[in-house]
Amino acid sequence: MGLVLGIDGGGTHTRASIVDSSAATENETRAFAESGSIKRLRVGAEAAEENLRALLADVYAQAGVTSVEAASVGVASANMPGIPEWITAVLSEFRIEKSEVVGDQVIALDAAFEGGPGILQIAGTGSNTIGRAPDGSGESAGGWSSRLGDEGSGYWIGLHAIRRALNAYDREEPTEVLKRVGEIWGTPTLEALINLGDSTPGPDFAALAPAISDLAEAGDAVAIGVLKQAAADLVGFVLLVRSKLRSKHGIAGEVPAAFTGSVIEKTPIVRRDFFAGLKAAAPAMPVRESAVVALEGAIWRAKRLAQ
């Protein structure tokens, strides 16, 4: 029985699965393992390689194998010089016959559309909107980093909730945002909150997103406004990429859309407004309502490599 390996190298965690290359469903999974990040820019070259080797050793041990037929690895830094080479070198030591290293957006797209055209809205810590035409060429919008863009992301939500709350504070308008952020950050005064928020390196603004969602659900006007703007931005990016695909690539009909990331999946106001916004603007657009699991795209690609 031929076995293949899929790896999703996320910014915080790296996940791997070994499956039967002829399996049609995830029920045929032989093993699943998880380790730390393999992004060198995030954890350093030494830690990234240690995490990759530990992941491979773990998933092999669980599956009871010493080699696999093919592997597909998706990682955000795939286009950086030297990244594909070192990952490929490690994979070869684990007796993998065929392998590839591609961007994490590639495996996410394939998890949703299996090589076909479509639009994927990524909205987690960061945000990005990517689309693929029938010929495999791509279009995108957003994703210009936390400092310069990433509208609708968890980072954007945390940062802009504080900005809007400070604006409300100046106008003596009610909001619980600053109080809640101070509790999370352990800053007893507004001055301490500002000093921490403006520090370098700064705090984890994305980690504030769940609290902002809770405040919005409780009726906080500032939190509600931020989340509604996040949803509107995400909808706008999907429609922009849709427009690019249709006008520049000769797509006559609708383009299917999907999403991945906790902002849409786990933030009720953003989720409701995101789907409602797409429905209002493009009623015929097929929109997948469950989050894409990028690892499934890596497995799909590994099976094709094994053919």
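Any read-out appearing in this document is the output of simple, stated calculations on the displayed coordinates, not a laboratory observation. Treat the numbers as computed from the prediction; the structure is a model and nothing was measured. Positions of Cβ are backbone-derived with ideal geometry, glycine not excepted, and every protein chain shown enters the neighbour counts.
The mean sequence distance of close C-alpha pairs (under 8 Å, at least 6 residues apart), as a share of the length of region 115-291, puts its relative contact order at 28 percent. As a rough footprinting exposure proxy, the listed residues Phe113, Phe274, Phe32 were ranked by other beta carbons within 10 Å of their own, and the order from fewest upward is Phe32, Phe113, Phe274. Within a Cβ distance under 11 Å of Arg180, other residues only, what is the Lys/Arg minus Asp/Glu net charge? Counting the neighbours of Arg180, the net charge comes to -3.
Dividing the mean sequence gap of close Cα pairs (under 8 Å, 6+ apart) by how many residues region 242-297 holds gives a relative contact order of 42 percent.
From its DSSP helices (H runs of at least four residues, each -39,500 (n - 2.57)), the chain gives a residue-normalised ellipticity at 222 nm of -15000 deg cm²/dmol.
Compared with the dominant Cα axis of the chain, that is its longest principal axis, helix 83-93 is turned about 40°.
For the chain, the longest principal axis of the Cα atoms and the long axis of helix 294-306 meet at an angle of about 20 degrees.
Only the Cβ atoms of Lys and Arg (+1) and of Asp and Glu (-1) were treated as charged; on that basis the dipole of the chain about its Cα centre amounts to roughly 700 debye. Under the criterion of Cα pairs below 8 Å and six or more residues apart, the relative contact order for region 3-102 equals 28 percent. Amide H to amide H, with H built 1.01 Å from N, Ala78 comes under 5 Å of Asp104, counting only residues 5 or more places away or on other chains. Look at Thr187, Thr88, Thr12 and count the other Cβ atoms within 10 Å of each Cβ; fewest to most, that gives Thr12, Thr88, Thr187. A Cβ-based charge dipole, computed about the Cα centre of region 115-291 with Lys and Arg at +1 and Asp and Glu at -1, lands at about 700 debye.
Helix 221-248 against the longest principal axis of the chain: what's the angle in degrees, Cα atoms only, rounded to the nearest 10? Long axis of 221-248 versus the principal axis of the chain: about 50 degrees. Bridging of Lys98 to lysines at a Cα separation below 20 Å is possible for Lys303, once same-chain residues fewer than 8 apart are set aside. Dipole orientation for the chain: of the candidates Met285, Ser37, Gly219, Met285 has the Cα lying most toward the positive pole (charges on Cβ; Lys, Arg +1; Asp, Glu -1). Fewest-first ordering of Arg271, Arg147 by other beta carbons within 10 Å of each residue's beta carbon gives Arg147, Arg271.
Positive contributions from Lys and Arg (+1) and negative ones from Asp and Glu (-1), summed over other residues with Cβ under 14 Å from the Cβ of Ile83, come out at -1. From the residues Ser199, His13, Ile122, which one has its Cα farthest along the dipole of the chain in the positive direction, the dipole being from +1 and -1 charges on Cβ of Lys/Arg and Asp/Glu about the Cα centre? Of the options given, the answer is Ile122.
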